[in-house]
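Below is one structure; the comments refer to it alone.
The values are calculated or read from the model by the stated rules, or taken from the named source; none is laboratory data. Keep in mind the model is a prediction, meaning the values are calculated, not measured. Reconstructed Cβ throughout: ideal geometry from the backbone, glycine too, with neighbour counts over all protein chains shown.
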Amino acid sequence: MTKPVGPYTPIIRAGDWLAVSGQVGVVDGRLVEGGLEAELEQALANLTSLLASEGASMGDVVKTTVYLDDIDDYARMNEVYVEAFGDHRPARSAVEVAALPLGAKVEIDAWARLP
């Protein structure tokens, strides 16, 4: 599991629910290279790892929020997102923000319900 880049809890259990804090494409404290797609793939891998640490999977995710530094990247983000979730379609919001931690292009948070 990747160490947080700030003073927050990456995942927390609330009864049958898991709240996963925003994940960026970080490995060993550094943003991965390769742009939006590589960052989102790593952020989703980090999300998957956090869920697994609590006995959940991507199939248990019910809601995500995707933060983009440029909303024009929505279609590119969507391709990676759909590949990661397969046929599972959690509710989702996508918003443009002024900036993200470490200069990331994308960040994703999630809510999951434990099986």
Quiz prompt | Of residues in the range 50-98 being assigned to a loop (DSSP other than H, G, I, E, B) and charged (D, E, K, R), the one farthest from D109 (Cα to Cα) | solution = D87
Quiz item: Exactly one of (1) surrounded by 13 or more Cβ atoms within 10 Å (Cβ to Cβ); (2) more than 12 Å from the chain's Cα centre (by Cα); (3) over 23 Å from L102 (Cα atoms); (4) of a type in the set (A, V, I, L, M) is unmet by A38. Its number?
Solution: (3)
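Scan the range 9-25 and tell me whether some residue there is in a helix (DSSP H, G or I), of a type outside the set (A, V, I, L, M, F, W, C), surrounded by 14 or more Cβ atoms within 10 Å (Cβ to Cβ) and at pLDDT 95 or above.
no
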Quiz item: Between a first residue in the range 78-96 that is closer than 14 Å to L36 by Cα and touching a residue at least 24 places away in the same chain (Cβ under 8 Å) and a second residue that is part of a helix (DSSP H, G or I) and among the charged types (D, E, K, R), which pairs have beta carbons less than 7 Å apart while being 6 or more apart in sequence or on different chains?
Solution: V80/E37; V80/E41
Self-check item: Checklist (1) surrounded by 17 or more Cβ atoms within 10 Å (Cβ to Cβ); (2) more than 25 Å from I12 (Cβ to Cβ) applied to G86, failing item
Solution: (1)
Practice problem: Would you point out the residue of the range 32-75, among those that are free of Cβ contacts under 8 Å to residues at least 12 places away in the same chain and among the acidic types (D, E), that is farthest from P90 (Cα to Cα)? | Solution: E33
Quiz item: Given the structure, is S93 surrounded by fewer than 17 Cβ atoms within 10 Å (Cβ to Cβ), of a type in the set (S, T, N, Q), within 11 Å of A112 (Cα to Cα) and within 14 Å of the chain's Cα centre (by Cα)?
Solution: no
Quiz prompt | Per-region count, the range 20-74, residues in contact with a Gly (Cβ under 7 Å, 6 or more places away or on another chain) and basic (K, R) | solution = 0
